[in-house]
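> Right, I'll just put the structure down here and ask away after.
What follows draws every value from the coordinates through simple rules; no lab data is involved. Just so it is clear, the structure is predicted and the values come from calculations on it, not from any experiment. Positions of Cβ are backbone-derived with ideal geometry, glycine not excepted, and every protein chain shown enters the neighbour counts.
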Amino acid sequence: MIIHQLIARHLKHRDDAEFYALQARDAIRWIEAGGGRTRDGATVLDLGCGHGVFGAELAKRGCVVTYSDEQNSLLPELAGANFRAFNIDRDDFTKLGRYDLVVCSNVLEHLPRPAEFIGRMGMLLKPGAKFYLSWTNWLSPWGGHEFSPFHYLGASRGHRIHDRLGRGQRSHTPGVNLFPTYIGEVLRWIDAQPGLKVVCAAPRYYTELGFLLKIPVLREFLAWNCALLIEAQGK
């Protein structure tokens, strides 16, 4: 359980690189426990990589990492890393290739068509490979990101009420770059894909309480961030 460490780190340093590295290292531990390859020689795609912190932690373990996002915002120390410019909504997934492990962290809630993304994720996986998907579900305490908890007032007015009350600047607007997503519907989308299977599910920052993800409705509120480990079926 790392949520207490993240809160302490954020209060002191905000969301610096180490804040995200803490998340990445804990997620890698969880992926390993679920049978994912995170060691020497494993091919990895860090999809929607941002600054590349997650992929960098895997590279330290000897993984062959490809970083991909709409634009290159990698940390200076990752200059020269294998980067592929890619727009998840528009580009052809087959051009990225197939990997032993794909990680997609905190991206899903920013996609206008998340169901289409779920339908195509299998194109990135070798048989038996794993896909680590984590995102901030809408009804979680942080569902509205920086205008939380006003998101509980609805996607059409919560952010506006936040603004009227002068609660600080925000960078996310529902329907523009933040879209409500729900754990139950994402699980149904994955279940509808014949070549994919969820092998592990847990609240990301307290994976020891994975049983919470088995409780419909309540899981939408109790998971601060949902983490799924998905396996490509077949030989």
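> By what distance, in whole Å, do the Cα atoms of segment 176-235 stretch along each of the three principal axes, largest value first?
Result for segment 176-235: principal-axis Cα extents of 36, 34, 19 Å.
> Can you list the residues, at least 5 places off or on another chain, whose amide H is less than 5 Å from the amide H of Ala227, using H built in the peptide plane?
Here Ala202, Arg204 satisfy the definition.
> Report the full-extension gain for the segment Arg113 to Asp163: residue separation times 0.36 nm, less the Cα-Cα distance, to one decimal in nm.
Here the answer is 15.3 nm.
> Taking 0.36 nm per residue of separation and subtracting the Cα-Cα distance, what length does fully extending Ile215 through Phe19 add?
Full-extension gain reported as 67.6 nm.
> Between Ser73 and Asp91, what length in nm is gained on full extension when 0.36 nm per residue of separation is reduced by their alpha carbon distance?
Contour length minus the Cα-Cα distance gives 4.6 nm.
> Can you tell me the alpha carbon radius of gyration of segment 33-73 divided by the globular rule-of-thumb value 2.2 N^0.38 Å?
Dividing the Cα Rg of segment 33-73 by 2.2 N^0.38 Å gives 1.14.
> Starting from the 7 Å offset along Cα-to-Cβ, what nm value, one decimal, do you get for the label separation of Gln193 and His4?
Calculated label separation equals 3.6 nm.
> In units of 2.2 N^0.38 Å, what is the alpha-carbon radius of gyration of the chain?
0.98
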